[in-house]
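These notes concern the structure reproduced below.
The values are calculated or read from the model by the stated rules, or taken from the named source; none is laboratory data. Every value quoted in this text rests on a predicted model; they were computed, and no experiment measured them. Glycine also receives a Cβ, built like all others from the backbone with ideal geometry; neighbour counts cover every protein chain displayed. Keep in mind that these areas ignore ligands, DNA and RNA; they rest on the heavy atoms of the full protein, side chains included. Shrake-Rupley method; radii C 1.70, N 1.55, O 1.52, S 1.80 Å.
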There are 4 protein chains.
Amino acid sequence: MDGKTITENSLALIVYKDRKYLKKIELGKAFHGKGGVLPFSSIMGSPYGVRCGDYEVFQPTLEDLIMYGIRRETQIIFPKDAAFICLKLNISPGSRMIEVGTGSGAMTLYFSRVVGPSGCVVSIEKEERHHKNATRNIERISEWPNMNLLNQDVSEYEDTPFDAAFIDVREPWLHIEKMHSLLDPGRVLGSILPTANQVSDMLRAMQPRFGDIEVIEILFRKYKPVVERLRPEDRMVGHTGYLIFGRKLQIPEE
Amino acid sequence: MDGKTITENSLALIVYKDRKYLKKIELGKAFHGKGGVLPFSSIMGSPYGVRCGDYEVFQPTLEDLIMYGIRRETQIIFPKDAAFICLKLNISPGSRMIEVGTGSGAMTLYFSRVVGPSGCVVSIEKEERHHKNATRNIERISEWPNMNLLNQDVSEYEDTPFDAAFIDVREPWLHIEKMHSLLDPGRVLGSILPTANQVSDMLRAMQPRFGDIEVIEILFRKYKPVVERLRPEDRMVGHTGYLIFGRKLQIPEE
Amino acid sequence: MDGKTITENSLALIVYKDRKYLKKIELGKAFHGKGGVLPFSSIMGSPYGVRCGDYEVFQPTLEDLIMYGIRRETQIIFPKDAAFICLKLNISPGSRMIEVGTGSGAMTLYFSRVVGPSGCVVSIEKEERHHKNATRNIERISEWPNMNLLNQDVSEYEDTPFDAAFIDVREPWLHIEKMHSLLDPGRVLGSILPTANQVSDMLRAMQPRFGDIEVIEILFRKYKPVVERLRPEDRMVGHTGYLIFGRKLQIPEE
Amino acid sequence: MDGKTITENSLALIVYKDRKYLKKIELGKAFHGKGGVLPFSSIMGSPYGVRCGDYEVFQPTLEDLIMYGIRRETQIIFPKDAAFICLKLNISPGSRMIEVGTGSGAMTLYFSRVVGPSGCVVSIEKEERHHKNATRNIERISEWPNMNLLNQDVSEYEDTPFDAAFIDVREPWLHIEKMHSLLDPGRVLGSILPTANQVSDMLRAMQPRFGDIEVIEILFRKYKPVVERLRPEDRMVGHTGYLIFGRKLQIPEE
């Protein structure tokens, strides 16, 4: 994925005005879109960033691959949230982290990128269907073989403590004790929750065992990039989820 | 910085209600705050995450170190923006990137973390005063020796192309051509700009040479983490900057 | 429109889940929607607020009439903005105000309501097509005969000074001098502008003649009203316009 | 309050840059502010909108009077919310409305303005201290004698039905039945609540008796009005309250 040239069988991001398409560049094929036909023969061998009529062709970023290349069986975490979650979890190249609720694997891929080839992401998913879908998504997109996808209940999972933990399940408060036991001292647990009621439930469960608890919303506003008519877009995403973070406290009796 | 135990001369984050303090844990000293006196002797040797009266003591995250441990001579980039910038620039462990406008070094440190020990960040600052301040900040906080801080004008800088570029200066449009020449095909250039007028100027300069241009604002809203009275905080940051991103296009005559 | 009972030929708001329909209650007719058939005979004579299957039937508010009962040839001003504009213009029952750019007449109707039967709204529209459409809209919806719709250029309009003025045209800065001359001392001029560039142009034109200038955005966020799953809606309106207000200054040479 | 000239003993709004002061113009006195001394003799008799050094002097709007002229013993409702509440309650000149929780009287004054001299606002406050403070505030600022302030518990209040109702107390759900009985068919009940938990409680109480329920947040973002450097202000109000509205349904057994 690090090449500078559009090659056969690579994935390419085709941009037409404000639309984006992720396509496999196959010999003898073409892209048919609102900007007309784009025969792949005309761009194969060109460097990325080539313009062809009204189309622009780029090497997809991880964001592109996740937004346009993942089969979604669950609501995926948006880039605006994913980036901020990684920062708050304080993970970096070499970190070892655990995720509960693989879902479609989008967040797993962001974690994989951040911890890099020397790090490790254990991701646990109870639903076999989601586990299988995520496994397929990750096989196609992963940058490094640093992910360990497990199809089990987290309550049965045992391991040495992790550098950070993230839960994305409907009732994350059920796993607070477990997550506390799976974290190194002072490390961060994060979660994303769609409703305010869930936030209250999660706060109640976290408070005895986690400190410095923060609840945050990230709003993302896109502008029309027109020099003489700069303005926000008419519609925006109004809500994805509330983010909640806390740091593991030592519990006296433990 | 990876220990689990509070040791002498380490930096610690002391949390008291919604206030946070970054302190060096020195023998024979104490922290005097609204929650009373916290003698460091009482916590030295304890694991992070220890509670002591109304205080909680944690190992600082990179965010803590930047927000509370940097001497600011310039407006620093906020975590909400920093995290999203790294995602859009599509950098990862091993990436090689260039930053124009080191400022106080906050963004440089975020980039350093993302590209990791196998990556590299070249950061260029024209003002000697800022360069020196950033150098001091980074010496104190850096995780890896992967940053190269230069005190010069970017117009005189020559190098092989980079994986990503970021500009944080008052008139970034002056450096568009230079940045274009310093990027690999299709790679992302980002910038942050406080005013709408600057965004228009930047768009005008970028449009012939960069494609898939996006202008984005990230809003950050914090909630009071109270189970029975969940509500956003009364005041919030209303604006930091407009983020602008584009990908390098091939220019026919080149 | 002030009755408490659903009568023949009145307009009714039919609510089905989060959808709303404005319908004329005609003898022998029915509403056919996602909740099935609602024969008007079954509700005629009932008080408003009646439930019929999954439908609820209410007397339309002014907001309903404007949002669902106006034929739009132009972008109409949203309720969130309309309400705030009236407050900033400081109009009240009995006020006399002038609007430049009738558009589809939505804002004119809000003004009409606020100034009431003892007040007066002069609304000027250059485009004959918009003027005619607005006239038809207002005939159908108006509460009081306090609106004077004119199809002319504001530059040719002369009158005694008004209590407040509002401009909603593409280049409002062309009319600043005129508006200044048509306002009583210290009174408020308002405008709504979709782009940041227009705001800069408008500020430049207003600054010598108007004081206490404010530029404001109103964001509107709707929640799903579910007791156990309270959360913002997934999508929201991201932008309608920037509001700008200023108060007439005395100009020395006048 | 409708004059065009600054007169003795009138209230004036003095604007200096982005600061505003509400002052009584008294003979022989002066305003001492950051822009120097402003002797009232130099502006008495001038029309509003006069500039004097860096000061501008205007006739206060209702918003100015409420924001700068009210003694606050309770959190007052902000203009952004007040304007929208009036619109959703669908009140207009001549309406008769009831408010539960007078607080400091700010919202009462907005209602008074909207319903005008031919309308009426009954406002009920249980706490004698708040009732007295609101009475004093309203005596000083009221435009029309259309407000009836009562110091009692709403549960003991009886009257013919109103056109609209608003509750601003800590536990508004306790008064849902009462409010239902005090509204005309199909009319709107509104409330403002600071926490998400309160919204859930209020929804639970409203749902059997009110339809078309909406929960809304209004965010207000102010810009620095500088032609060449247009940008939002650094800090903004992050939260005032959640607004909730519903329309009275007919209850079968009633």
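For the range A:109-138, a residue qualifies if it is hydroxyl-bearing (Ser, Thr, Tyr), more than 14 Å from chain B (Cβ to nearest Cβ) and out of contact with any Asp or Glu (no Cβ under 7 Å at 6 or more places or on another chain), and exactly one does: A:Thr135.
Here is a yes/no grid of residues against (1) modelled with pLDDT of 95 or more; (2) among the hydrophobic types (A, V, I, L, M, F, W, C); (3) more than 23 Å from C:Leu243 (Cβ to Cβ):
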residue	(1), (2), (3)
C:Gly103	yes, no, no
C:Ser112	yes, no, no
C:Arg129	yes, no, yes
C:Ile141	no, yes, yes
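Candidates are the residues of the range D:221-237 that are in contact with a Pro (Cβ under 8 Å, 6 or more places away or on another chain) and within 19 Å of D:Lys80 (Cβ to Cβ); the one that is farthest from the other protein chains (Cβ to nearest Cβ) is D:Lys224. Is it the case that D:Gly101 is more than 11 Å from the chain's Cα centre (by Cα) and within 23 Å of D:Glu217 (Cα to Cα)? Yes, satisfied. In the range A:114-135, is there at least one residue being open to solvent by 20 Å² or more (accessible area, probe 1.4 Å), at positive phi and in contact (Cβ under 8 Å) with a residue 24 or more places away in the chain? No, because not a single residue in the range A:114-135 is open to solvent by 20 Å² or more (accessible area, probe 1.4 Å), at positive phi and in contact (Cβ under 8 Å) with a residue 24 or more places away in the chain.
In the range C:182-218, the qualifying residues are those that are open to solvent by 20 Å² or more (accessible area, probe 1.4 Å) and within 22 Å of the chain's Cα centre (by Cα), and the one that is nearest to the other protein chains (Cβ to nearest Cβ) is C:Pro194. Within the range D:75-108, the residues that satisfy the criterion of being more than 7 Å from chain C (Cβ to nearest Cβ) and in contact with a Ser or Thr (Cβ under 7 Å, 6 or more places away or on another chain) are D:Ile76, D:Phe78, D:Asp81, D:Gly94, D:Glu99, D:Thr102, D:Gly103, D:Ser104, D:Thr108.
Every residue, every condition in (1) under 24 Å from B:Pro93 (Cβ atoms); (2) in the same structural domain as A:Glu217 (by TED's automatic domain parsing), yes or no:
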position: A:Tyr48; (1), (2): yes, no
position: A:Gly53; (1), (2): no, no
position: A:Ile77; (1), (2): yes, yes
position: A:Pro93; (1), (2): yes, yes
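The residues of the range D:238-254 include none that are closer than 30 Å to B:Leu219 by Cα, more than 9 Å from chain B (Cβ to nearest Cβ) and open to solvent by 20 Å² or more (accessible area, probe 1.4 Å). Name the pairs: first residue in the range C:55-71 and under 11 Å from D:Asp212 (Cβ atoms), second residue of a type in the set (Asp, Glu), Cβ to Cβ under 7 Å, at least 6 apart or on different chains? Partner pairs satisfying both residue conditions: C:Glu56/D:Asp212; C:Phe58/D:Asp212. Screening the range D:27-54 for residues that are polar (S, T, N, Q) and free of Cβ contacts under 8 Å to residues at least 40 places away in the same chain and picking the one that is farthest from C:Asp212 (Cα to Cα) gives D:Ser41. Here the range B:80-104 is the region considered, the condition is being assigned to a loop (DSSP other than H, G, I, E, B) and touching a residue at least 40 places away in the same chain (Cβ under 8 Å), and the residue that is surrounded by the most Cβ atoms within 10 Å (Cβ to Cβ) is B:Thr102. Evaluation of B:Val15 against the conditions (1) touching a residue at least 60 places away in the same chain (Cβ under 8 Å); (2) among the hydrophobic types (A, V, I, L, M, F, W, C); (3) in contact with a Lys or Arg (Cβ under 9 Å, 6 or more places away or on another chain) shows that the sole unmet condition is (1). With respect to the conditions (1) free of Cβ contacts under 8 Å to residues at least 40 places away in the same chain; (2) more than 20 Å from B:Leu13 (Cβ to Cβ); (3) under 11 Å from the mean Cα position of the chain (by Cα), B:Phe111 falls short on a single one, namely (1). The lone criterion from (1) in the same structural domain as C:Pro185 (by TED's automatic domain parsing); (2) in contact with a Cys (Cβ under 9 Å, 6 or more places away or on another chain) left unmet by C:Arg71 is number (2). Name the single residue that is modelled with the lowest pLDDT among those in the range B:1-19 being open to solvent by 100 Å² or more (accessible area, probe 1.4 Å) and farther than 21 Å from A:Ile91 by Cβ. Filtering the range B:1-19 for residues that are open to solvent by 100 Å² or more (accessible area, probe 1.4 Å) and farther than 21 Å from A:Ile91 by Cβ, the one modelled with the lowest pLDDT comes out as B:Asp18.
If the condition is being more than 14 Å from chain B (Cβ to nearest Cβ), in contact with a strand residue (DSSP E or B) (Cβ under 6 Å, 6 or more places away or on another chain) and open to solvent by 50 Å² or more (accessible area, probe 1.4 Å), then the range A:35-74 contributes A:Val37, A:Pro39. For the range D:105-132, a residue qualifies if it is in a helix (DSSP H, G or I) and within 16 Å of D:Ile192 (Cα to Cα), and the qualifying residues are D:Ala106, D:Met107, D:Thr108, D:Tyr110, D:Phe111. Quick one: count up the residues across the range C:78-88 that are touching a helix residue (DSSP H, G or I) at 6+ places or on another chain (Cβ under 7 Å) and under 22 Å from C:Lys23 (Cα atoms). Final tally of qualifying residues: 1.
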